[in-house]
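J.: Structure in structure tokens, see below.
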Amino acid sequence: MVEQAAFAARVGLRYRLISDPKRELGSALGLPTFTASGRTFYRRVTLLAVRGSIVKVFYPIEEPARNGLDVLEWLMGQVPHTERAVP
């Protein structure tokens, strides 16, 4: 969607946003929503998936600026120390 592409460009996202105009994914997963100005939006949530299965959900995201670090910390905890890349 044009609106999503404009948002992604404006905030410098380096990944694709998923379009779900009929909210099919949201309904199937029970994703939280809110309504503003007569429009329904998804609440901020981070889903981590491996091989097509959701393995971790971050919600609520109370500090959006920290969410990336929270995800990274969780991911680092999932990898055995011997498999981690050395900086």
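The values are calculated or read from the model by the stated rules, or taken from the named source; none is laboratory data. Because the structure is a prediction, the values reported are computed rather than measured. As a convention, Cβ positions derive from the backbone with ideal geometry for all residues, glycine included, and neighbour counts pool all protein chains shown.
J.: Against the condition of a type in the set (A, V, I, L, M), in contact with a strand residue (DSSP E or B) (Cβ under 8 Å, 6 or more places away or on another chain) and exposed (fewer than 11 other Cβ atoms within 10 Å of the Cβ), how does residue 65 come out, does it pass? Don't jump to the end; show me each part of the working.
T.: Working: of a type in the set (A, V, I, L, M): yes; in contact with a strand residue (DSSP E or B) (Cβ under 8 Å, 6 or more places away or on another chain): no; exposed (fewer than 11 other Cβ atoms within 10 Å of the Cβ): yes.
Taking the combined requirement at face value, the residue does not satisfy it.
J.: With (1) hydroxyl-bearing (Ser, Thr, Tyr); (2) at pLDDT 90 or above; (3) loosely packed, with under 10 Cβ neighbours inside 10 Å; (4) over 17 Å from the mean Cα position of the chain (by Cα) as the list, and residue 53 as the residue in question, which single condition is left unmet?
T.: (4)
J.: Consider residue 77 carefully, then state whether it is modelled with pLDDT of 95 or more, more than 14 Å from the chain's Cα centre (by Cα) and farther than 17 Å from residue 18 by Cβ. Talk me through it step by step, then tell me what you get.
T.: Numbers: modelled with pLDDT of 95 or more: no; more than 14 Å from the chain's Cα centre (by Cα): yes; farther than 17 Å from residue 18 by Cβ: yes.
When the stated conditions are applied, residue 77 does not pass them.
J.: Next question. Taking the conditions exactly as written (among the aliphatic types (A, V, I, L, M) and either more than 23 Å from residue 68 (Cα to Cα) or not assigned by TED's automatic domain parsing to the domain that holds residue 71 (or both)), does residue 48 satisfy them or not? I'd like the intermediate steps shown before the answer.
T.: Details: among the aliphatic types (A, V, I, L, M): yes; either more than 23 Å from residue 68 (Cα to Cα) or not assigned by TED's automatic domain parsing to the domain that holds residue 71 (or both): no.
No; evaluated as a whole, the condition is false for this residue.
J.: Quickly run through segment 14-73 and pick out the residues that are of a type in the set (Ser, Thr, Tyr) and either in a loop (DSSP other than H, G, I, E, B) or in contact (Cβ under 8 Å) with a residue 24 or more places away in the chain (or both).
T.: Let us first name the residues in segment 14-73 that are of a type in the set (Ser, Thr, Tyr), namely 15, 19, 27, 33, 35, 37, 40, 42, 46, 53, 59.
Matches in segment 14-73: 15, 19, 37, 46, 59.
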